[in-house]
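Notes follow the structure.
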Amino acid sequence: MGRDDVDFVHYGPGTPAGTYLRKFWHPVYRSEDLLPGWAKRVEIMGEFFTLYRGESGRAHVVDDRCPHRRTRLSIGEVEGDSIRCFYHGWKFAADGICEEQPAEPPSFKQGVCIRSYPAREYLGLIFAYLGEGEAPEFEEFPEAEYDNGWPLVVKKIEVPYNFFQRIENSLDEAHVHFVHKISASATKEFSSLPIAYAAEETDYGILRRTTYERDGRREIRQKYFMMPNIGLTMPPPATELDAWTPNLSWRVPVNDHSTLSFNIARRQDRGSKVANKDWEAIDSIVDKILDGRMRLKDIDPYHPRLFNIQDNTAIAGQGRMHTERDKEYLGRSDIPIVLLRRIYQREIRAAAEGKPIKRWRLPREKLVLGFQPAAE
């Protein structure tokens, strides 16, 4: 990447990439982790916000700090669907309007407010729109609304590296055969490397078609990337305890050096081999591998976060913020990544210059996942 390229690795307020990403809905928390009457402080794209669930059960997102003396609102008390500041008792409604200032005359609160952000819940996640102006349409995913009899598993993992590294990895087909070879080598569909890579821009983002050849027959694996940060794929089973199942994921910057990864899938119970076991934390394992105190092949193959450990190790090996893309040697397997960078550069530049950005739209029909026979 050349020196004139758009900066897509910084996300704070006013940055080009931050301005662009704030034009979309993003998941910020797992629904099950926020109980009624609780407030949490969350960091998204280098900004802090107050997330709380009112006694009605609705989730709300407002500013991080009380406008009075600038203390955190997340340490306050939830009352109904309002939140009261812990410091001096100023109370704010879910729409940000100040309702009470106990130590001040009634007229003092006129015009005092905090910013409130649109929020909604879907598929076990709390989403928020953190940008300026009216929120765009919230789009849903029929591919994730199926019921195969298995429980819906919603994962939230914070990973210690830059957001753009994470989404580039999501579009990298070749890495599956190396980073995830413990699992991929045991799956007949991944017994050999692809023979062709293709990617095209669509109304929703990027469609990838990777061609495999086995026993004289060709099959195409289709994977979908929805702009700006959503992946839909059918990943290989991690072990014989797992099954093929659609996986929907969002990657969201916490700040320039950390990323939240949200994953949704319906998964079968893995049974006694993983039940009630004290698994070592992902970050601890990755640190050991990077420090040379452990090898990837030493990881328990039944670790429930094996794929995450493998990905995190490879990506963290680039550094917490990869800024040397101009020194990379890209090949044919990198076609989707090159396309992703071009789209991001175009859209970030447009947003920074106040020009119209592309309005991405999900397809109305259900998307085809997994392997399909190649057309003759």
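Laboratory data are not the source of any read-out in this text; all were calculated from the coordinates shown. Quick caveat: nothing in here was measured; it's all calculated off a predicted structure. All Cβ positions, even for glycine, are placed from backbone atoms using ideal geometry, and neighbour counts span all protein chains on display.
Observations on the model:
- Per residue, the convex hull volume that the Cα atoms of the range 312-357 enclose (Å³): 108 Å³
- In summary, the aspartates and glutamates within cross-link reach of LYS327, defined as a Cα separation below 14 angstrom excluding same-chain residues under 8 places away, comprise ASP5.
- Dipole in debye (nearest 20) - the chain, about Cα centre, beta carbon charges: Lys, Arg +1; Asp, Glu -1: 400 debye
- Within the shell defined by Cβ-Cβ distances under 14 Å, the residues around LEU152 carry a net charge of -1, with Lys and Arg each +1 and Asp and Glu each -1.
- Scoring 201-210, 156-165 by mean Cβ neighbours within 10 Å over their residues and listing the highest first yields 156-165, 201-210.
- Net charge over other residues, Cβ less than 12 angstrom from the Cβ of GLU79 (K, R count +1; D, E count -1): -3
- Judged by the mean number of other Cβ atoms found within 10 Å, the most tightly packed of the peptides 123-134, 31-42 leads the ranking 123-134, 31-42.
- Other residues within the sphere of radius under 13 Å centred on the Cβ of GLU140, judged by their own Cβ, net out at -1 (K and R +1, D and E -1).
- Computed across the range 142-373, the Kirkwood hydrodynamic radius from all distinct Cα-Cα pairs reaches 19.0 Å.
- Centre separation in Å (Cα based) which lies between the range 125-151 and the range 48-97: 24 Å
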